[in-house]
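A short write-up of the structure that comes next.
The values are calculated or read from the model by the stated rules, or taken from the named source; none is laboratory data. For clarity, every value in this text was computed on a predicted model and none was experimentally measured. Because the Cβ atoms are built from the backbone with ideal geometry, glycine has one as well, and the counts that use them run over all protein chains shown.
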Amino acid sequence: MRIFKNILFLSIVLSAQQTLFAQTMIIPDTTFIERDTVNGNYHAVFIDTARSSLYYDYINTFTFDESDSAGYQTSVDCLKPFSYINNDIFGLPKRWLSLNIYKGNYYLYSPSDYVNNYRVAITDSNYIGYYNDGPQATKINSITETNQKTYRLELSNCNNTTAELFIHLIDPQRGIAVFEFPYVTIEGRYILMVDADKAKNFPIIVNYGTVKFTEFKFEQPNFDRLLK
């Protein structure tokens, strides 16, 4: 019985230490949105305003691990039968991160599960989307500048099916854009994005937990107003 009590006491102490450790992992420049413990697992959603925060580095990465490289290469290989064009990208930013709205303000987001860290890279020949199943390449047939703030990209996939993407620079100074996919008729036609080189101009909402938790729900942007 004494052994059982000692084990129980040790378990309680370790649980408390884990929770305390999780709390001390959070840097001081924060405002908490949610903070609780679920089934013994610490969870916090907070706003991080420190430009030195490592969370910016975690989301603003475009490197491939071994699995990413294999998946990306597969998408590139299936495009090889089609001719490539080296397009003029007109100074369009080459790397983009998802941008979100919370209480009417712009925020970056560090997700609970980083497979949900959507981002985009653009080269003179490929549009690379970083999806849940890894980075995938789509061929860029052409890039045209329809006006000073809008770019049209014609894309094609492995089946040589073409589609349009419009990049609307709604705030060029801060690097904010709306990506419009006209062929998408459901939620997802518009995506709010930001130039990755200007990411630290925005605070970041961090979904932190000792295990993976449900992703934070942001407000739906009013794209009709943003695109006026």
ask   = Do any strands (runs of 3 or more DSSP E) entirely within the stretch 57-152 hold 2 or more residues that are closer than 18 Å to His168 by Cα and either free of Cβ contacts under 8 Å to residues at least 24 places away in the same chain or in contact with a strand residue (DSSP E or B) (Cβ under 9 Å, 6 or more places away or on another chain) (or both), and if so, which?
value = 95-98, 100-102, 119-122, 126-131, 134-147
query = Within the stretch 179-205, how many residues are in contact with a Pro (Cβ under 8 Å, 6 or more places away or on another chain), part of a strand (DSSP E or B) and closer than 16 Å to Lys94 by Cα?
reply = 2
key: So Asp48, is it among the charged types (D, E, K, R), at pLDDT 95 or above and within 15 Å of the chain's Cα centre (by Cα)   = no
remark   = Of (1) at pLDDT 95 or above; (2) more than 30 Å from Tyr84 (Cβ to Cβ); (3) surrounded by fewer than 13 Cβ atoms within 10 Å (Cβ to Cβ), Ile186 fails just (1)
request  = Looking only at the stretch 204-216, decide whether some residue is free of Cβ contacts under 8 Å to residues at least 40 places away in the same chain and either under 14 Å from Leu97 (Cα atoms) or out of contact with any Asp or Glu (no Cβ under 9 Å at 6 or more places or on another chain) (or both).
outcome  = no
query = So, of the residues in the stretch 144-170 that are touching a helix residue (DSSP H, G or I) at 6+ places or on another chain (Cβ under 9 Å) and either small (Gly, Ala, Ser) or closer than 19 Å to Leu97 by Cβ (or both), which turns out to be surrounded by the fewest Cβ atoms within 10 Å (Cβ to Cβ)?
reply = Ile170
